[in-house]
Amino acid sequence: MSKFWSPRTHELNPYTPGEQPQDTQYIKLNTNENPYPPSPRAIEAMQRAVSNDLRLYSDPNANQLKQAIADFYHVDRSNVFVGNSSDEVLAHSFAGLLNHTKPLLYPDISYSFYPAYINLFAINAKKIPLDDQLQINFDDYQQENGGIVFPNPNAPTGIAVTLNSIETLAQNNPNQVILIDEAYIDFGAETAVPLTQRYPNILVVQTFSKSRALAGLRVGFAIGSPELIEGLERVKNSFNSYPLDRIAIEGASAAIADTAHFKTTCQKIIKTRETTTKALKALGFSVLESSTNFIFAKNDKIPAETLYLELKKQGVLVRYFKQPRIDNYLRITIGKEEEMTLFFEKLTIVLKTKAIPITA
Ligand SMILES: *Cc1c(COP(=O)(O)O)cnc(C)c1O
């Protein structure tokens, strides 16, 4: 609290990102970063971009990057918006497309940045509970709304919805924006980008942070009808004309063009996810069906918070959410095979020392 703050600043509830310890060497399975390096072509492109040209501003429209994304998805450049991280793209979307009189609908358990934006922009919003299986049920969204937002696959559950169900949702809400946050789409779910060509109300938001291993570069994008994109440009140009620097534009353009590197690394992560899932189940965990680069799992014998704290003592960071309905789950990012082997070594130690004997 401070007398210097604007009144609204007192009321904000900022997002808390996963821990990014700068000191100890942890096995870091807590923020869904990619364990593999970015495309070597992206690295080379960025190294080339470090030059005297940095005295010049970057292209405010980042047309080179928009074109590279458009080529990858076979859409027109006018369908593409880019920003400094998908969090920024989401923020502009909440401000410019999802702030209406009727309530914005979103899942009660999903990306915890949504409530932060809702609060920041004072948006009328309504949480829709996930069903008993922790899944999104679109029947529950058949009600008055000023827009709908959800991640597909959902975070932190990892569960995906079908394209058919998204299409029906878009048909049932032709006058509202349906925003699909596809941060994890490349790890096993189907993108709604093709639907954006037929439904002017569908906006897909993606990021370079997860499947393209560039979390530190901060690049995100949206694909939708020119009408939606123009709305986003209006907000962006009222906030920051040059959200992407020259290095980011070069790096991200090269990264999205390198489909071979992208496919190989995604496949490796998917394979490790499947072996990790089996191994966790063998240790008595219940694991939700994941289409992402993380696993959401619980153990009925040891509280998740205990597991989280004990794993941390063992040098393994996973993510724990102290939040109703999911406070007995751990979110475990898929690392390299070697990291997961170490994870299981440490987990086995914790399970041995902390196992609560079942008493009659
Ligand atoms: C990681 C993540 C983002 C943010 O990605 P950035 O581009 O790094 O800001 C957005 N939505 C969800 C659901 C995420 O998990």
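Looking across segment 111-125, not a single residue is within 15 Å of the ligand (Cβ to nearest atom), within 16 Å of GLY146 (Cα to Cα) and polar (S, T, N, Q). Could you please let me know if ASN137 is buried (at least 23 other Cβ atoms within 10 Å of the Cβ) and either under 21 Å from PHE321 (Cβ atoms) or assigned by TED's automatic domain parsing to the domain that holds GLY188 (or both)? Taking the combined requirement at face value, the residue does not satisfy it. Being within 12 Å of the ligand (Cβ to nearest atom), hydrophobic (A, V, I, L, M, F, W, C) and surrounded by 20 or more Cβ atoms within 10 Å (Cβ to Cβ): is that true of ILE159 here? No. Residues that are open to solvent by less than 40 Å² (accessible area, probe 1.4 Å), free of Cβ contacts under 8 Å to residues at least 60 places away in the same chain, within 20 Å of PHE187 (Cβ to Cβ) and under 26 Å from the mean Cα position of the chain (by Cα) occur at least once in segment 324-333.
Exactly one residue among SER238, SER253, SER286 is touching a helix residue (DSSP H, G or I) at 6+ places or on another chain (Cβ under 8 Å) and at pLDDT 95 or above, and that residue is SER253.
Rundown of residues vs (1) near the ligand (Cβ under 9 Å from one of its atoms); (2) out of contact with any helix residue (DSSP H, G or I) (no Cβ under 8 Å at 6 or more places or on another chain); (3) more than 30 Å from ALA45 (Cα to Cα), yes/no style:
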| residue | (1), (2), (3) |
| --- | --- |
| ALA155 | yes, yes, yes |
| SER165 | no, no, yes |
| VAL204 | no, no, no |
| ARG212 | no, no, no |
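Just to be sure I understand, how many residues within segment 222-244 are within 20 Å of GLN176 (Cα to Cα) and in contact (Cβ under 8 Å) with a residue 24 or more places away in the chain?
13
The conditions of being away from the ligand (no atom under 12 Å from the Cβ) and either open to solvent by 20 Å² or more (accessible area, probe 1.4 Å) or assigned by TED's automatic domain parsing to the domain that holds ILE69 (or both) are met by LEU195. Among the residues here, TYR26 does not qualify as of a type outside the set (Gly, Ala, Ser) and over 24 Å from THR265 (Cα atoms).
For segment 152-171, give me each residue that is more than 21 Å from SER85 (Cα to Cα), touching a residue at least 60 places away in the same chain (Cβ under 8 Å) and touching a Leu at 6+ places or on another chain (Cβ under 8 Å).
Of the residues in segment 152-171, the ones more than 21 Å from SER85 (Cα to Cα) are 157, 159-171.
With touching a residue at least 60 places away in the same chain (Cβ under 8 Å) added as a condition, the list becomes 157, 159-160.
Matches in segment 152-171: THR157, ILE159.
Every condition in (1) among the hydrophobic types (A, V, I, L, M, F, W, C); (2) away from the ligand (no atom under 11 Å from the Cβ); (3) in a loop (DSSP other than H, G, I, E, B) is met by ALA183 except one, and the failing one is (2). Pairs are defined by a Cβ separation below 7 Å, a sequence spacing of at least 6 or placement on different chains, a first member in segment 105-116 that is in the same structural domain as ILE148 (by TED's automatic domain parsing) and open to solvent by 20 Å² or more (accessible area, probe 1.4 Å), and a second member that is modelled with pLDDT under 95 and within 12 Å of the ligand (Cβ to nearest atom); the pairs so defined are SER112/TYR15; PHE113/TYR15. Scanning segment 162-180 for residues that are buried (at least 16 other Cβ atoms within 10 Å of the Cβ), part of a loop (DSSP other than H, G, I, E, B) and not β-branched (Val, Ile, Thr) returns ASN173, GLN176.
Taking each residue of segment 172-189 that is over 16 Å from LEU214 (Cα atoms) and looking for partners that are open to solvent by less than 10 Å² (accessible area, probe 1.4 Å) and small (Gly, Ala, Ser) with beta-carbon atoms closer than 6 Å, six or more apart or interchain, yields GLN176/GLY147; VAL177/GLY147; ILE178/ALA170; LEU179/SER93; ILE180/ALA192.
The values are calculated or read from the model by the stated rules, or taken from the named source; none is laboratory data. Only a predicted model underlies this, so the values are computations on that prediction, with no experimental measurement involved. Cβ sites come from the backbone with ideal geometry, for glycine too, and all protein chains shown count toward neighbours. SASA here: full protein model, heavy atoms, side chains in, ligands and nucleic acids out. Shrake-Rupley method; radii C 1.70, N 1.55, O 1.52, S 1.80 Å.
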